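Working notes, beginning with the structure itself.
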Amino acid sequence: MSTLAYDGTAMLGRHLRRIRHNPGLLILTQSMPITMLLFFGYVFGSALATPGQEYRAFLLPGLLVATAANGIMTGMFQAAQDSHRGVMDRFRTLPMNRAAVPLGQALADLVVTAVGTVPLMLVGLAVGWRIEGSALRAVAGVGLLLLFRFATTWIGIVLGLASRSEEAAGQLGGATFILPLLSNAYIPTDNLPGWLRTVAEWNPISAVTTALRDLFGNAPVPDEGAWPVTHPAAGALTWCTVLLAVFVPLAVRRYATGER
């Protein structure tokens, strides 16, 4: 087994044990999307419903992607916690591959996200959401969702390693809630002002959300708009590739050098 694979597996186990010993945070992060589905779907559903569509069916893919985007927040907080408590410094003294520590964190987050996606989808089925497309396209949609979560986690790791304190990382991470609001995750972008619609449609969340709605068969791909939402599968894969190409090397470099 290669050094990266061996060391990365060890770090994966370490982060999974860490999550197991903090069940309160895990329950909170997994229950919040379900709460939002029920609140938005039933309280705001009649006001926000799109013509000819069941709003909860429209909302569920958006909530899945918004939850995936929270990889920025969790990745940032965990990396900042390890960095400022001296854990990263101890790891740097060990003879291990420098990419293994951030990789283990990202993979552990991916495992937890994959497991946590199941209850949200089950609740979605209970409130009226359905997969209208083929099983193969639905599996592709889940794979794309997890790829996006993996990419956003690396963004969070970079920001966490660059943070000045755990508190600063927590405050900045909390501010990421605005990202899904500037997208089509919760509402269609058709009626937004021109400049705001452009911002929303070029938001990576919009491309992934549109791709999921198409793959699940919940909404057609729009005929008009920015390229990422009129070509959502290609747009989503492009965004994920760009984010990984930029932030994976940055995370490894920051961990290896200890820069902030």
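Would segment 107-129 turn up any residue that is aromatic (Phe, Trp, Tyr) and farther than 20 Å from Leu159 by Cβ? Yes, segment 107-129 has at least one match.
In a residue-by-residue description of segment 65-85, the property of being among the acidic types (Asp, Glu) and at pLDDT 85 or above applies to at least one position. Residues of segment 219-260 that are of a type in the set (Asp, Glu) and under 29 Å from Ala80 (Cβ atoms): Glu259 alone.
Among the candidates Ala169, Ala185, the residue that is small (Gly, Ala, Ser), assigned to a loop (DSSP other than H, G, I, E, B) and at pLDDT below 95 is uniquely Ala185. Residues in segment 71-130 that are hydroxyl-bearing (Ser, Thr, Tyr) and more than 19 Å from the chain's Cα centre (by Cα): Ser83, Thr93.
The values are calculated or read from the model by the stated rules, or taken from the named source; none is laboratory data. This is a predicted model, so every value here is computed, not measured. All Cβ positions, glycine included, derive from the backbone under ideal geometry; neighbour counts span all protein chains shown.
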